[in-house]
Amino acid sequence: MRKNLRPGSFRTFAIVAAVALAMLASGSAHAELHLDITSGKMEPLPIAVPDFAGGAPNEVQLGHDMAQVVAADLERSGLFQPLDQRAFIEKITTAQTQPRFGDWRIINAQALVTGLATMQPDGTAKIDFRLWDVLAQQQLVGFSYKTTPQNWRRISHIIADAIYKRLTGEEGYFDTRIVYISETGPADRRVKRLAIMDQDGANHRFLTDGRSLVLTPRFSPNPGAQEITYLSYIRGTPRVFLFNIDTGQQEVLGDFPGMTFAPRFSPDGNKVIMSLATGGHTDIWTMDLRTRQAVRITNSPAIDTSPSYSPDGKQVVFNSDRGGTQQLYMMNADGGEIHRISFGNGRYGTPVWSPRGDLIAFTKIEGGQFFIGVMSPDGSHERLLTQAFLVEAPTWAPNGRVLMYFKQTPSDARGRGGTTRLYSIDLTGRNEREVITPQDASDPAWSPLIP
Amino acid sequence: MRLKAFCLLAAVSILAACSSTPDTAGGAAGGATAESGIRAGSQQDLVAQAGDRVFFAYDHSDITPEGRATLEKQAAWMKKNASVTVTVEGHCDERGTREYNLALGERRANAVKNVLVALGIPAQRVSTISYGKERPAVVGSTEAAWAQNRRGVTVVN
């Protein structure tokens with residue numbers, strides 16, 4: 001589906017010209033366009049995203065729609081400032097030739113995205129895309145995709161990811177999905193449904209009908225596995241289930257003598273780690289999805305829950321009240337060497353290991369407020385990113401640079417207020433944004449990049 | 001589930017009616033008087049004779065002296081209604097994380113069950129379920145509401 005642009009005769013010329021210009025530019029000590037996303041102090045990069053060019057009306061429409069999705073992705077990241085199309089001077093009619101850089105420099109664009117949508121005789125669409133450094137007057141990245149026209153949103157996200165990666169040096173996260181719990185009704189009779197959507201809110205659909213209470217969905221890390229693990233009250237007893245997104249099939253996981261909850265997949269996707277509560281004790285167990293063998297990992301009279309694997313699968317972070325109040329603990333994947341890592345004031349819960357392995361996100365409760373924060377796996381460098389009456393359940397974008405969580409407002413005795421919504425925030429603590437959902441929403445889980 | 005919710009709702013309306021206007025309690029129970037209209041061994045009967053719930057302190061699961069008194073009445077009632085089995089629901093307020101609260105609710109339900117069993121009720125007559133913070137009894141983000149939501153509720157099966 002995706003291939004680097006091969007040098008055709010015309011393209012070769014354009015690329016060679018771009019390279020030549022780039023070499024000229026480098027002579028003038030112009031720094032290559034690069035966004036440092038770690039400082040948290042940068043200004044958004046002005047970027048021009050004109051409609052992708054097209055000839056026939058359906059190509060023009062497709063080109064317009066794709067540019068909108070690309071620009072919206074980039075804008076929401078907080079790292080880019082897509083410029084108003086009405087300021088554009090040059091009308092892009094092809095992705096093949098060099099733009100008139102002067103026309104883009106004069107409106108202060110530092111980067112320019114050009115594209116071309118061409119419907120093929122076989123009914124597929126060919127999408128050409130290029131990213132240009134306006135000041136250095138060079139092409140930074142260029143791709144060509146052939147796909148079914150229905151796939152245009154995904155291709156747009158893939159293009160946005162390519163732009164993000166080229167300019168930040170980090171993997172993008174736009175070609176991803178969110179599974180979450182959609183909520184309706186009053187707090188004492190809340191109806192909760194599994195729902196899934198693209199990371200930008202498009203292609204929303206419900207996966208369950210709301211007849212039984214469902215909570216805490218999490219994606220399988222397996223590429224293409226399309227599986228979710230979550231908690232359902234469907235047969236009275238709360239139990240961990242697997243859900244196949246493609247087939248809609250639900251399956252209870254294991255036959256445990258009590259409530260199972262707080263499930264997460266292991267990084268290789270072969271196990272689910274979860275809690276089992278019996279007789280007032282909550283311990284951590286794993287179940288191998290291939291052999292269906294259940295293994296007890298912790299064994300204490302305390303509450304041990306919310307386990308999350310390190311990306312290498314060798315360690316597990318979880319929360320426990322074994323020391324008196326709810327705190328974060330680390331252990332080896334087999335349950336050995338349990339030690340506490342959170343020592344700040346307050347209670348700590350819902351630890352989630354970053355996909356990069358460098359940080360653990362958590363929910364903190366202190367002084368009547370809730371916080372979302374991050375700390376190093378050894379418990380040092382605690383940093384709180386956001387604070388509210390109730391914020392909970394961080395989930396990582398696959399690049400480990402953005403977190404999503406839910407925020408609930410307080411309600412009065414008549415049930416006014418109490419809204420629950422999804423938000424995303426940069427690891428720097430900047431760019432907190434509501435993630436728009438059709439109804440109230442909680443328990444978000446970010447998918448890996450779609451293969 | 002839905003039936004239980006209805007029973008609870010009915011129980012609550014009876015309670016409310018009892019505390020304010022005792023004479024009309026029969027109306028809430030469906031046209032019968034409070035004394036004669038409540039079927040022995042029903043949820044309404046449990047509520048009227050013993051009380052169906054006990055309350056907990058924040059992030060705690062120990063039974064208070066008031067709770068202990070309620071559970072003694074519940075145990076006596078269960079002995080009188082020997083065919084009845086119950087499910088103890090453990091609930092939490094909204095001031096904790098969801099998964100921890102599921103565990104805490106289970107611990108509270110078991111704290112209730114353990115007292116009933118210690119008072120002579122066979123363990124197989126008492127099952128437990130946790131709802132964590134998912135099913136508050138009272139809506140509102142106030143200490144008064146939270147205090148009523150940190151509860152163990154005995155529900156006749």
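The values are calculated or read from the model by the stated rules, or taken from the named source; none is laboratory data. Keep in mind that what you see is a predicted model, and the values were worked out from it rather than measured. When we count neighbours, we look across all protein chains shown, and the Cβ atoms used for this are built from the backbone with ideal geometry, even at glycine. Only protein heavy atoms, including side chains, enter the accessible area calculation; ligands, DNA and RNA are left aside. Shrake-Rupley method; radii C 1.70, N 1.55, O 1.52, S 1.80 Å.
Structural remarks
- Accessible area per residue was computed with a 1.4 Å probe on protein heavy atoms; residue A:309 scores about 20 Å².
- Computed Kirkwood radius, in angstrom, where 1/r is averaged over Cα pairs of segment A:213-322: 14.0
- The protein assembly as shown, accessible surface, carbon-and-sulfur percent (1.4 angstrom probe): 52
- Label-to-label distance for residue B:83 and residue B:118 is 3.1 nm, based on points extended 7 Å past Cα in the beta-carbon direction.
- Reachable lysines from residue A:91, criterion Cα separation under 28 angstrom, eight or more residues apart if same chain: A:3, A:126, A:146, A:165
- Solvent-accessible area lost in complex, 20 Å² minimum, residues of segment B:114-157 relative to chain alone, 1.4 Å: B:129, B:130, B:131, B:133, B:134, B:135, B:136, B:139, B:140, B:141
- Pairs beyond 21 Å (Cα-Cα), from B:73/B:113; B:79/B:133; A:271/A:364: B:79/B:133; A:271/A:364
- Over chain A, accessible surface divided per residue gives 41 Å², non-protein components excluded, 1.4 Å probe.
- Compared with the direct C-alpha span, the chain from residue A:119 to residue A:85 gains 9.8 nm at full extension, assuming 0.36 nm per residue.
- Based on Cα atoms of segment A:258-397, Rg over Rh with Rh as the Kirkwood radius reads 0.95.
- In the protein assembly as shown, a dipole from Cβ-located charges (positive for Lys and Arg, negative for Asp and Glu) runs towards its positive end, and of A:121, A:143, B:146 it is B:146 whose Cα lies farthest in that direction.
- Minimum 10 Å² accessible area buried by the other protein chains, segment B:85-100 residues, probe 1.4 Å, relative to alone: B:94, B:95, B:96, B:97, B:98, B:99, B:100
- Principal axis extents of the Cα atoms in segment A:177-446, from largest to smallest and rounded to whole angstrom, are 45, 41, 38.
- Shown here for segment A:109-214: trypsin sites (Lys or Arg not before Pro) in loop regions (DSSP other than H, G, I, E, B) with at most 13 other Cβ atoms within 10 Å, namely A:211.
- Fraction of alpha-carbon pairs over 44 Å apart in the protein assembly as shown - percent: 31
- Using θ = phi - 60° and Karplus 6.51 cos²θ - 1.76 cosθ + 1.60, couplings along segment B:115-131 (whole Hz; Gly, Pro as x): 5, 4, 5, 4, 8, x, 8, x, 4, 6, 8, 10, 9, 10, 8, 10, 10
- Per the accessible-area calculation with a 1.4 Å probe, the total area buried between chain B and chain A rounds to 3000 Å².
- Gain in span if fully extended, residue A:337 to residue A:147, counting 0.36 nm per residue against the direct Cα distance: 63.3 nm
- Residues along segment A:216-235 losing 40 Å² or more of accessible surface when the other protein chains are present rather than the chain by itself (probe 1.4 Å): A:233
- To the nearest ten degrees, helix A:9-27 and the longest principal axis of the Cα atoms of chain A are 80 degrees apart.
- About its Cα centre, the dipole of the protein assembly as shown is roughly 920 debye, where the only charges are +1 on Lys and Arg Cβ and -1 on Asp and Glu Cβ.
- Dipole moment magnitude, nearest 20 debye, segment A:177-446 about Cα centre, only Lys, Arg, Asp, Glu C-beta charged: 440
- Residue B:137-residue A:209 FRET efficiency (beta carbon distance; Förster radius 25 Å; 0.05 resolution): 0.45
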